[in-house]
Amino acid sequence: MNRITSLLGIQYPIIQGGMVWCSGWRLASAVSNAGGLGLLGAGSMHPDVLRDHIQKCKLATIKPFGVNVPLMYPQIEEIMNIIVEEGVKIVFTSAGNPKTWTSWLKEKGITVVHVVSSAKFALKCQEAGVDAVVAEGFEAGGHNGREETTTLCLIPAVRKAITLPLIAAGGIGTGEAILAASVLGADGVQIGSRFALTEESSAHNDFKDYCLTLKEGDTKLLLKKLAPTRLAKNAFRDLVEDAENKGASVEEMRDLLGKGRAKKGIFEGDLDEGELEIGQVTALIDQKNTVAEVMAELVEDFKAACQKENNW
């Protein structure tokens with residue numbers, strides 16, 4: 001037991017990232033049932049879809065689970081009301097000012113965790129009254145911080161800045177990485193890409209299979225004039241990179257991105273025209289497992305790494 005397991009009521013301090021188009025009720029409930037904390041990714045769900053996933057998750061697990069909510073979501077008030085109505089007790093917020101909703105959520109008895117990419121914003125989270133902070137490094141998939149600080153540098157900086165429970169994210173997909181995050185000052189970890197490629201993830205199988213072939217250097221942080229996003233190599237990414245190299249304007253980049261590009265790539269499996277969001281750690285993953293298998297491996301490898309450290 002540590003501060004994160006006690007705060008969230010879970011067995012292991014391992015949180016599944018609330019990833020768009022990956023984090024439905026099957027994934028979230030499987031992670032929770034295996035001893036971690038599963039998160040539903042509200043960022044890709046209409047309000048009625050989120051309600052359905054919450055209800056199905058409650059039927060699939062008696063363990064704690066939560067919802068990840070990007071605060072810039074256009075129907076944010078409806079989303080938050082659904083979370084309260086359905087009795088969700090844990091909310092991870094991201095992509096916005098934590099002061100906006102933290103007090104309101106905590107008044108409803110909800111534990112609030114906010115995702116940041118810098119020590120500066122971690123301190124703002126502490127001042128806003130959140131219960132814990134996720135510090136996400138440059139290695140992470142999907143939308144990323146503009147600071148481009150790696151997890152190795154970010155976690156000790158955030159640990160120095162705040163006293164709150166700290167969850168490390170970005171490039172973490174092995175038991176050894178969990179130990180490293182712990183040594184750097186984290187109380188737990190949030191894992192995205194490893195869970196995105198499991199059997200229970202709602203991502204398209206073609207997307208999963210393609211990501212399992214990616215090697216070191218096959219992902220890159222692009223779309224920096226809009227919202228920095230880590231993308232796997234494909235035809236669409238080539239267009240993005242070419243446009244950025246030619247100095248395309250914000251409007252030109254927005255037109256190129258269009259709407260529904262991430263859904264097309266991740267959920268529908270269009271490997272050419274879709275936006276394929278995934279983290280650097282994918283280069284270390286070469287097979288599709290169940291959540292139970294991944295969790296067992298993470299715990300076993302963490303224990304082995306601890307033993308190895310003790311033998312130095």
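Computed over the Cα atoms of the chain, what is the convex hull's projected area averaged over all directions, in nm²?
Working: hull surface 59.8 nm².
Result: 15.0 nm².
Please turn the phi angles of segment 120-133 into ³J(HN,Hα) values with the Karplus equation 6.51 cos²θ - 1.76 cosθ + 1.60 (θ = phi - 60°), one per residue in order, whole Hz, x for glycine and proline.
Couplings: 4, 6, 4, 5, 5, 5, 4, 5, 7, x, 5, 8, 7, 10 Hz.
If you plug each phi of segment 65-78 into the Karplus form 6.51 cos²θ - 1.76 cosθ + 1.60 with θ = phi - 60°, what whole-Hz ³J(HN,Hα) values come out, in order, with x for Gly and Pro?
Residue by residue, segment 65-78 yields 9, x, 10, 8, 10, x, 5, 8, 4, x, 10, 4, 5, 5 Hz.
Explain nothing, just compute: Karplus ³J(HN,Hα) = 6.51 cos²θ - 1.76 cosθ + 1.60, θ = phi - 60°, for every residue of segment 203-209 in order, whole Hz, x for Gly and Pro.
Karplus-based 3J(HN,Hα) across segment 203-209 equals 5, 5, 4, 5, 5, 4, 4 Hz.
May I ask for the longest run of the chain untouched by trypsin sites (Lys or Arg not before Pro) that are loop-located per DSSP and have at most 12 neighbouring C-beta atoms (other than their own) within 10 Å? Write down the numbers at each step before the final one.
Numbers: sites that count: Arg146, Lys215, Lys246, Lys259.
For trypsin sites (Lys or Arg not before Pro) (loop position, at most 12 other Cβ atoms within 10 Å), the longest site-free span of the chain is 1-145.
Largest first, please: the extent of the C-alpha atoms of segment 125-215 along each principal axis, to the nearest Å.
The principal-axis extents, from largest down, are 43, 27, 24 Å.
So with the 1.4 Å probe, I'd like the accessible area per residue for the chain, rounded to whole Å². Can you show the working numbers first?
On the way: 13770 Å² over 312 residues.
It amounts to 44 Å² per residue over the chain.
Do any GluC sites (Glu not before Pro) in segment 162-247 lie in a DSSP loop with no more than 15 other beta carbon atoms within 10 Å, and if so, which?
On the way: sites: Glu176, Glu199, Glu200, Glu216, Glu241, Glu244; in loops: Glu199, Glu200, Glu216.
Here the sparse-neighbourhood loop sites are Glu216.
Take the alpha-carbon centre of segment 128-154, take the same for segment 159-218, and report the distance between them in whole Å.
12 Å
Can you pull the percent of the chain's accessible area that's carbon plus sulfur, 1.4 Å probe, other chains left in place? Kindly include the intermediate steps, with their values, before the conclusion.
On the way: 7150 of 13770 Å².
So the carbon and sulfur contribution to the accessible surface is 52 percent.
With runs of 4+ DSSP H residues as the only contributors, calculate the mean residue ellipticity of the chain at 222 nm using -39,500 (n - 2.57) per run, divided by the residue total and rounded to the nearest 500.
Values: 13 runs with 126 residues, N = 312.
Result for the chain, helices only: -11500 deg cm²/dmol.
Can you list residues whose amide H is under 5 Å from Glu139's amide H, if they're 5+ apart or on another chain and H is modeled 1.01 Å from N?
Result for Glu139 returns Thr151.
Bin by bin, in steps of 10 Å, what percent of the Cα pairs in segment 1-147 do you find, going until the bin that has the longest distance?
Spelled out per bin, shortest first, that is 12, 45, 38, 5, 0.
Sticking with the crude label model, points 7 Å out along Cα→Cβ, report the distance from Glu127 to Leu152 in nm, one decimal please.
Going by the 7 Å Cα→Cβ label model, 3.2 nm.
Can you list residues from other chains, or at least 5 along the same chain, whose modelled amide H is less than 5 Å from the amide H of Val69?
For Val69, whose amide H was placed from the backbone, the distant partners under 5 Å are Phe92, Thr93, Ser94.
The values are calculated or read from the model by the stated rules, or taken from the named source; none is laboratory data. From a predicted model like this one, the values you see are computed outputs, not experimental measurements. Glycine also receives a Cβ, built like all others from the backbone with ideal geometry; neighbour counts cover every protein chain displayed. Keep in mind that these areas ignore ligands, DNA and RNA; they rest on the heavy atoms of the full protein, side chains included. Shrake-Rupley method; radii C 1.70, N 1.55, O 1.52, S 1.80 Å.
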